[in-house]
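One structure below.
The values are calculated or read from the model by the stated rules, or taken from the named source; none is laboratory data. On a predicted model such as this, the values are computed, not experimentally measured, just so you know. Cβ atoms come from the backbone with ideal geometry, glycine included; neighbour counts cover every protein chain shown. Each accessible area value is taken on the protein alone, full model and side chains, heavy atoms only, with ligands, DNA and RNA left out. Shrake-Rupley method; radii C 1.70, N 1.55, O 1.52, S 1.80 Å.
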Amino acid sequence: MWEDFLIWKSYLDNPGTLKIDLMLRGIRIADPVHSISCADSSIDLVLPDGILANVPCCEPYTEASLYVLKENHDGGYVIGDGTAEVPVQLIEKPDFLSGQTKSGVPFSDIAELHGSYVVISPASGCEFFNEGIECSYCSGGFDTDEASKVFSVDDVLEVVEAVKKAKAAEIVYLSIGFSKGADGGIKFLTPYIQAIKKFFNVIVAVEALPPKRNHWIDHTYAVGADSVLYNLEIYDKELFELICPGRAGLIGRNRYLNALKYAATVFPSGTVASHLIVGLEPPGSTNKGIDCLTDMGVVPILPIYRPRPGKALGIDPLTTEIIIPVYRHLYKTVRDKNINMNWVSDISVLTTPLEGRNLLDDPEGGNIFESFYRSKLGKKTAWGLSSIRRKLRVRGKAFTVKGDD
Amino acid sequence: MPLEIDKRPLWLVLAIRSARVLFFVSLAAAFYFALTISVPEGLTEGGRNAIAIFIVCLILWVTNAVPLAITSILAIVLVPLFGVLPSDETYSIFGNEAVFFILGAFILAGAVMHSGLSNRVALAILKRYGHAPKRMILSIFFLSAVLSFFMSEHAVAAMLFPIVFEIAKGLGLRPGKSNFGKVLFLSLAWGCVIGGVATFLGGARVPLAVGMLKEATGETINFLEYTVAVFPIVIVMLCVGTVLLLKLFPIEITDTGKANKLIAEKLQKVGKITYVEYAVGGVLFVTVLAWMTIGEHVGLAVIALAAVVALFVLKLVRWKDIEEYVNWGIILMYGGAITLGTALARSGAAEWVATQTIGRWGTGPAAVIAIFSLMTLLLTEGISNAAVIAILLPIGIGMAGKYAMDPTLITYAIAVPAGLAFSLPMSTPANAIAVSSNYITVKELVKVGVIMSFTSWVVFNLVANYYWPLIGLWGN
Ligand code: SF4
C-alpha cells in the first residue's frame, strides 16, 4: 500500500496533466456546492492557464476519485486532491440551452456545448445501429432509424442564433452518423452548412464519415465547411475491425486514410482532423497513428476512453502516467511537421495537440499568433481568411444535392 | 463549370485572381500618365487626350476585359470628360446614321428569319441542287454566301447549322473522321465569310466603317458603289473556295440519297408559302432596291427604318419576336466606336498617330493599302472585326491625309478584310459554329484557313490596284 503511495504523484501543479487525470478519474462534488448541477454527467471547468476541461462527475467510478470540487471562502471554487488545492472556474450550463425552438424542440436536444465550440447533430440516426454493427464504445447519442430525429434547418439556425447571442461559441460542429449514400452524409448536411454560413459569421466544422468519392470532399469545402473530421478512432487494423465493425466493413480503414489524405490537400492546414481514442489500443499503436496522420497533414485529436455504463468494453482505461507520453508525442509531431494547431484548441472534452505542450518536461511558451487565434478578433480573422481562401480556391459550382455518386 | 478546387500555391492563385484588379489599376495608371505627359509637337491637348482614351479602349477591345459595348460606353464618357469633344457633340455622333442603319438591318433580318422565309429558301435550294456529294457541298457554299448578301453572316451560319448538321448525321458521317463532314462545315463557314463582305448587309462592320468615315471626313460610300467595288473579290474568293473545298479533302461518299430525303421531308413540313413570307420577302426586295437606287439621296438608315415601320404596319412581326434578333450590345459598341473615331479625327490625333506609326513604313498609296489590309486580316483573326475597324480606321483616315489619298480607299482596305476571317474559331461565329460541330478541328480550320486568308489578301490588293481604277474609285 505504501508503494502505491510512493508512485502516486500530485498533478495539481500542471494543469495539462491535471486535465488528463481529471478526465480519467472524474471528480466528486462536495456538499454544499449548491449552484452546481451534474445532470449531464460531467461539468466544464477552467483550470489554471485557462485550460478547459470536461470532467465526469456522475459516473459510478467518480465516487472513488481523489479530486473534490469545493467552494472556497470567497465564493470561488477549488479542486483538492487531499494534499493541495488549485483554484478553478466553473462554467455554468449556459441559459440558452434551456430554451426551445419555435417548433418546440429543446435546444439541448439539438446542441451540446464543449468549451469554445458547439456540437449540433441535425439528425440523430446512425445506420450502423440498424444492422447491429455500431461502434462498441459509441456514446454519441445516435440511434436506429426508427428512433432517430431530424431537425429542420430553421431549428438549427435558431440554436446557432442563440449560441451567438449568448456569445457561447464561435465554432459550430455539425455532426452526423453513418448513412448508406456515397456522399458520407454531406448531401444531408449541405443545406445546414449553407444556411449557417449565410446568416452567421461562424466557423463550421463537419464531423462525418468519409464519403466514397473525393469529389464529395471538394463539395464539403465548396459549400462552406471550414474544417472536416473523419474520425478513424482506432489506428490498429485488427482492433479497428473488432471494435468498429460498421466503419471497418462498410467504409474500410484505407478509405478513412485516403479521404483524410485528400481532404488535407483541399482544406487549410490544421483543419482536417481525426480522432484516435487513447485507451482503446496500445499507446504504441496510437503513436503510430499520430505519425501516419501527421505525415498526411492531418491533426490527430486524442479523446480519452472512459467506460460508460452499459457500454463496457472490458477494457480498463489507461493511467495518466501512460497517457502523458502519447500527448507529448502528439504535440512534438504536429509541431515538427508544421501543421497549424490553432484551429483545434479550447476543447473541453479532450486534450488538444496544443495543450500537449504543457506536458513537456520543459514547457514551451505560446507565440503571439496563438494568443491572437484564441481571441475573439482572432476567431473572426480566421473566419474571414477561411472565407477568402475558399473564394480563391473554389471554381465552378458545388453539386446540386440531387447528385448521388 | 464543374466544381474544382484550385490546389496551386495560394500566392499564385491570389496573383492570378487579382490579375483583373491589377490590370484595371495599371490601365488607370497608364491613362493618367498619358494625360499628364507634355503635349508633343504637332498635337493639341485634346488630341493627346483623345489618343490616351483610344489606347485605353484599344486595350479593352483587344483583351475583351469588359464587353465591347461597355468599352464603347466608356469612350463616350471619357471623350467629353477630358475635353476632346463637347458633350452634346459626342452624343449626337453616337446617334449616327450608321447605328440606325444597323438597327434597321437587324430587325429586317430578324423578320426574314422569324417568318421562316430564309429557312424555306435554304431547304428549297438544297433540294433543288444537292443531288450528289459535290453538288451538295457547292449548294451549301453558295447558298451561305448568297444569303449573307442579304442578312448578317452570323445569322446565316446559325440558321443553316442545324440543317447541315442533320445532313451530316443523316449520312452517318463520323465526326472528326469524315472528309465529307469536314467539307460540309467548311463550305458553310467559308460561304458565310465570303458572302458577308459582299454588301452592307452581311455584317454591321461595313456600315460602322462608313459611319466613321462620314463623321470624320464628311465622305460616304453608298450601297451599290460598295457592292460594285467588292464584288470581284467575292467572285474570285468563291472560285478559290470552290477549288479548295473540292481538292483539299477528298470526298469519301458517292451518294447523298439519305440527306436528300431528309431535306425533302423538312421542306414538306414547312408547308405552303405563307402570306407573311411573301410580304416579308417583298419588303426586303423593295428595301434592297431602294438602298441601291435612292440610298445616297435619302439615306440608308431612313430606308432601313422605313422598312421596319412597314413590317409592323403590315403586322408581319411583333416586337416580342424581333427583340431576340436585335443585338443591342453591337449597336452600343458601334455608336461608341464611331464617336471615338470621330474624336480622333477631329482633334487631329488620328493623322498625328498615322504619321508617327504606319506613316514611317508607307511608301505610297498602294503600300498603305497593302499594309492596312494585311494588318486588318491579321487582327481580325484574333479580335472582333468591329473592334479592328474601331482601332485601325481612325489611324487609316489620318494616313489618307498624309498621302493625299481618298479616305474611302482606306475605308475599303479595312472594312473588307475585317470580314475575311477564315482561320480561327474566335474570329467569326461562322468558324466557331463549324468547329463546334466536331467534324472539323481547329487545327484543320487553321491549316486551310491560312491559305484562304493569304489568297484573300492577294486578291484584295490585285482588285484594289487593277480593278478599282477602272471603276473610277482610285484615280491614280
Ligand atoms: S459511426 Fe460509430 S461512433 Fe459514430 S454514431 Fe455511428 S456507431 Fe456511433
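May I ask for log10 I(q)/I(0) of the protein assembly as shown at q = 0.09 Å⁻¹, from a Debye sum over the Cα atoms as equal point scatterers with solvent left out?
Taking Cα atoms of the protein assembly as shown as identical point scatterers yields -0.91.
Over all directions, the average projected area of the alpha-carbon convex hull for chain B comes to how many nm²?
25.0
Could you derive backbone 3J(HN,Hα) for the stretch B:411-427 from the dihedral phi with the Karplus parameters 6.51, -1.76 and 1.60 (θ = phi - 60°), listing whole Hz in sequence and x where the residue is Gly or Pro?
For the stretch B:411-427, the Karplus curve yields 4, 4, 5, 9, 5, 6, x, 4, x, 8, 9, 10, 9, 10, x, 7, 6 Hz.
Calculate, in nm to one decimal, what residue A:92 and residue A:68 gain on full extension: separation in residues at 0.36 nm each, minus their alpha carbon distance.
Computed gain between residue A:92 and residue A:68 is 6.9 nm.
For the charge dipole of chain A, defined by +1 on Lys and Arg C-beta atoms and -1 on Asp and Glu C-beta atoms about the Cα centroid, which residue among A:239, A:302, A:217 has the Cα displaced farthest towards the positive pole?
A:217
Counting only GluC sites (Glu not before Pro) that sit in a DSSP loop (anything but H, G, I, E, B) with at most 11 other Cβ atoms within 10 Å, what is the longest stretch of chain A containing none of them?
For GluC sites (Glu not before Pro) (loop position, at most 11 other Cβ atoms within 10 Å), the longest site-free span of chain A is A:147-363.
Quote the charge dipole size of the protein assembly as shown about the Cα centre in Debye, to the nearest 20; the model charges only the Cβ of Lys and Arg (+1) and of Asp and Glu (-1).
I would put it at about 4140 debye.
Find out how many positive minus negative residues lie around residue B:225, taking Lys and Arg as positive, Asp and Glu as negative, among other residues whose Cβ is under 13 Å from that of residue B:225.
Taking every other residue near residue B:225 into account, the sum is -3.
Quote the accessible area belonging to residue A:336 in square angstrom, nearest 10, computed with a 1.4 Å probe and with ligands, DNA and RNA left uncounted.
Taking all protein chains as shown, residue A:336 has close to 100 Å².
Let me have the 222 nm mean residue ellipticity of chain A computed from DSSP H runs of 4+ only, each contributing -39500 (n - 2.57), with the sum over all residues rounded to the nearest 500.
Helices in chain A give a 222 nm mean residue ellipticity of -10000 deg cm²/dmol.
Let me know the volume per residue of the alpha-carbon convex hull for the stretch B:315-463, in Å³.
In the stretch B:315-463, the Cα convex hull volume per residue is 149 Å³.
Report, in whole Å, the centroid distance computed from the Cα atoms of the stretch B:113-149 and the stretch A:67-87.
The stretch B:113-149 and the stretch A:67-87 have Cα centres spaced 98 Å from each other.
Near residue B:339, within a Cβ-to-Cβ distance under 11 Å, what is the net charge of the other residues, with Lys and Arg +1 and Asp and Glu -1?
That works out to -1.
So what's the convex hull volume per residue for the Cα atoms of the stretch B:190-312, in Å³?
139
To the nearest 500 deg cm²/dmol, what mean residue ellipticity at 222 nm is calculated for chain B from DSSP H runs of n ≥ 4 alone, each contributing -39,500 (n - 2.57), summed and divided by the residues?
-24000 deg cm²/dmol
So if I place +1 on the C-beta of Lys and Arg and -1 on the C-beta of Asp and Glu, and nothing else carries charge, what would the dipole magnitude of chain B be about its Cα centre? I want it in debye, nearest 20.
The calculation lands at about 1800 debye.
Tell me, in nm to one decimal, what length is gained between residue B:315 and residue B:404 on full extension, where the rule is 0.36 nm per residue of separation less the Cα-Cα distance?
27.0 nm
Between residue B:158 and residue B:466, what is the FRET efficiency for a Förster distance of 30 Å, r being their Cβ-Cβ separation, to the nearest 0.05?
0.25
Give me the percent of Cα-Cα pairs in the stretch A:95-393 that sit more than 37 Å apart, rounded to a whole number.
Pairs farther apart than 37 Å: 10 percent.
What's the local net charge at residue A:173, with K and R +1, D and E -1, over the other residues with C-beta under 10 Å away?
Summing Lys and Arg as +1 and Asp and Glu as -1 gives -2.
No solvent, one uniform scatterer per C-alpha: report log10 I(q)/I(0) for the stretch B:147-251 via the Debye equation at q = 0.12 1/Å, two decimals.
-0.50
In whole Å, largest first, what are the principal axis extents of the Cα atoms in the stretch A:10-121?
51, 28, 27
Would you mind checking the tilt of helix A:253-266 against the longest principal axis of the Cα atoms of chain A, expressed as 0 to 90 degrees and rounded to 10?
80
Put +1 on the Cβ of each Lys and Arg and -1 on the Cβ of each Asp and Glu in the protein assembly as shown; which of B:119, B:242, A:118 then has its Cα farthest toward the positive end of the dipole?
Checked the options; the winner is B:242.
Amide H to amide H, which residues 5 or more places from residue A:43 or on other chains are under 5 Å from it, using H placed in the peptide plane?
A:55, A:57
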